[in-house]
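To start, the structure under review is shown below, and the notes come after it.
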Amino acid sequence: MQKQILLINDLPGYGKVALSAMIPVLSHMGHHLYNLPTALVSNTLDYGRFKILETTDYMEQTIGVWEEPGFTFDAAAVGFVVSEAQAKLIADYCKRLKGRGATVFLDPIMGDDGKLYNGITRQTVLHMRGLLGTADYSVPNYTEAACLAGLDYCADGLTKAQAEDLIRRLIQAGAKSLAVTSANVDGQDCVIVYDAAAKTLEYLPFDYIPVRFPGTGDIFSAIFVGNILNGLGLLASTRRAMDNVRAMLAANRDNEDKYKGIPVESCLEVLNT
């Protein structure tokens, strides 16, 4: 089931996040990878000091070059977006790809634990909200989902009524199928899964591992994308991503420098389970 997948995300110079994390995962899963970097980033943002070089002009020129010979893809997976102009460029291109039969995935990389990442502003939230309607599948964490829905972050967790309201607002904003990670509903850590085709809402529980690595969302997204494109259903793909990420976290929880992210090449075997 090899698919041609375009990854639209940032490229870090130091650290296993974004493209550096997604490419080895999806390659191991048997897919063909292409990339369109949204930015060159010196290192993971957790280090505090970093440099980001926006690549919108390059992206626009590259898309123009690709259009002439008719390059196309089975899917596009969008991650970190830098600016309004870039968001519009990506949305327009994804719409064209969808018109040719591509599936579009969105991981709206903006924040976690109730806070926006270093260098991310409220303007970024508006850009990401504009991209929601282009995606067939979106995988925000709870912090990002709350921002996109225009809701306050609830540090003490959600009730099922609040979770349903969150999903309803995301759908109103243009989202289709959703897997909202890092949520807590009625005291249980879970992933909230909404299937747009079946119009069903389910909660997949998990046991929280108290360790933080940047890039785990990128790994989750890559595994999710790879399994959806391999023909697994929404729930099965979400469960597989949850289980695989948990195994990687458990295997690397004692790493000295967690700011680098998970060294994915050393633990790709978990994807086979």
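The residue pairs whose first member lies in the range 137-157 and is farther than 10 Å from GLY111 by Cα, whose second member is acidic (Asp, Glu), and whose beta carbons are closer than 7 Å, counting only pairs six or more residues apart or on different chains, are VAL139/ASP107; ALA146/ASP152. Out of VAL193, VAL225, I need the residue that is more than 30 Å from GLY13 (Cβ to Cβ), touching a residue at least 40 places away in the same chain (Cβ under 8 Å), under 15 Å from the mean Cα position of the chain (by Cα) and buried (at least 21 other Cβ atoms within 10 Å of the Cβ). Which one? Answer to the selection: VAL193.
Using the structure shown, decide if ILE167 is touching a residue at least 24 places away in the same chain (Cβ under 8 Å), open to solvent by less than 20 Å² (accessible area, probe 1.4 Å), closer than 25 Å to ALA91 by Cβ and more than 15 Å from the chain's Cα centre (by Cα). Here the answer is yes, as ILE167 does meet what is asked.
Which one is farthest from THR200 (Cα to Cα) among residues in the range 237-273 that are open to solvent by 40 Å² or more (accessible area, probe 1.4 Å) and within 17 Å of the chain's Cα centre (by Cα)? Among residues in the range 237-273 that are open to solvent by 40 Å² or more (accessible area, probe 1.4 Å) and within 17 Å of the chain's Cα centre (by Cα), the one farthest from THR200 (Cα to Cα) is ARG246.
Selection over the range 48-72 of residues that are within 20 Å of LYS115 (Cβ to Cβ) and open to solvent by less than 80 Å² (accessible area, probe 1.4 Å) gives a count of 3. Among residues of the range 73-93 being aliphatic (A, V, I, L, M) and open to solvent by 20 Å² or more (accessible area, probe 1.4 Å), the one that is farthest from ASN35 (Cα to Cα) is ALA85. With the structure loaded, tell me whether VAL25 is in a loop (DSSP other than H, G, I, E, B), among the aliphatic types (A, V, I, L, M) and crowded, with 19+ Cβ neighbours inside 10 Å or whether it fails that test. Spelling it out, it is not the case that VAL25 is in a loop (DSSP other than H, G, I, E, B), among the aliphatic types (A, V, I, L, M) and crowded, with 19+ Cβ neighbours inside 10 Å.
Counting the residues of the range 103-132 that are closer than 26 Å to ALA196 by Cα, crowded, with 16+ Cβ neighbours inside 10 Å and without any contact (Cβ under 8 Å) to a residue 60 or more places away in the chain gives 13. Across the range 256-273, the qualifying residues are those that are assigned to a loop (DSSP other than H, G, I, E, B) and without any contact (Cβ under 8 Å) to a residue 24 or more places away in the chain, and the one among them that is nearest to GLY15 (Cα to Cα) is ASP257. Remark: PRO205 falls outside the filter, which requires a residue to be open to solvent by 70 Å² or more (accessible area, probe 1.4 Å), free of Cβ contacts under 8 Å to residues at least 12 places away in the same chain and under 16 Å from SER182 (Cβ atoms). Only a single item in (1) within 21 Å of the chain's Cα centre (by Cα); (2) without any contact (Cβ under 8 Å) to a residue 24 or more places away in the chain is not met by LYS88, and it is number (2).
The values are calculated or read from the model by the stated rules, or taken from the named source; none is laboratory data. This is a predicted model, so every value here is computed, not measured. Ideal geometry is used to build each Cβ from the backbone, glycine not excepted, and the neighbour counts take in all protein chains shown. For accessibility, only protein heavy atoms count, side chains too; no ligands or nucleic acids. Shrake-Rupley method; radii C 1.70, N 1.55, O 1.52, S 1.80 Å.
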